[in-house]
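Okay, so here's the structure we're looking at.
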Amino acid sequence: MSADENSSAARTRDGALEALMRCRQQIEGIDRELVGLLAKRVAVSKEIGAMKKVAGLPTLDPAREAEVIRRAAALAREVGVSDEKVRDIFWHVIGLSRAVQVGE
């Protein structure tokens, strides 16, 4: 490999590493937003739990949970993301919400 080819390969590698760093920074920002949104969802879920208690309703609502899962899967399909993986994630999100409603 000539010196020019080595120099070109190094620039290409450096550019790729810089792009990788920018993408990772974007992911970190998105992750921060996701965690913030989860915190907001948990806070609203806690309010819902209190309202259910006052209204004499059961904390667990399997029909509502299934509706949330179906809606999340449909939204995932609309944006081209695996609906199966999104369903899995949302079952965990529901578990997190359910935990604050029952006071865990």
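The values are calculated or read from the model by the stated rules, or taken from the named source; none is laboratory data. Everything numeric in this text was worked out from a predicted model, so none of it was measured. All Cβ positions, even for glycine, are placed from backbone atoms using ideal geometry, and neighbour counts span all protein chains on display. The area values use the complete protein model at the heavy-atom level, side chains included, leaving out ligands, DNA and RNA. Shrake-Rupley method; radii C 1.70, N 1.55, O 1.52, S 1.80 Å.
For the stretch 68-84, state whether one or more residues are over 16 Å from Val100 (Cα atoms), small (Gly, Ala, Ser) and not in a helix (DSSP H, G or I). Spell out how you get there, then give the answer.
Residues of the stretch 68-84 that are over 16 Å from Val100 (Cα atoms), as a first pass: 68-84.
Cutting the leftovers down to small (Gly, Ala, Ser) gives us 72-74, 76, 80, 82.
From what's left, not in a helix (DSSP H, G or I): 80, 82.
The answer is yes; a qualifying residue exists.
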Checked against (1) without any contact (Cβ under 8 Å) to a residue 12 or more places away in the chain; (2) open to solvent by less than 70 Å² (accessible area, probe 1.4 Å), Glu84 satisfies every condition except (2)
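Here is a list: Arg32, Arg41. Which entry is closer than 25 Å to Phe90 by Cβ, modelled with pLDDT of 95 or more, open to solvent by 90 Å² or more (accessible area, probe 1.4 Å) and within 21 Å of the chain's Cα centre (by Cα)?
On the way: Arg41 fails: open to solvent by 90 Å² or more (accessible area, probe 1.4 Å).
So the residue among Arg32, Arg41 that is closer than 25 Å to Phe90 by Cβ, modelled with pLDDT of 95 or more, open to solvent by 90 Å² or more (accessible area, probe 1.4 Å) and within 21 Å of the chain's Cα centre (by Cα) is Arg32.
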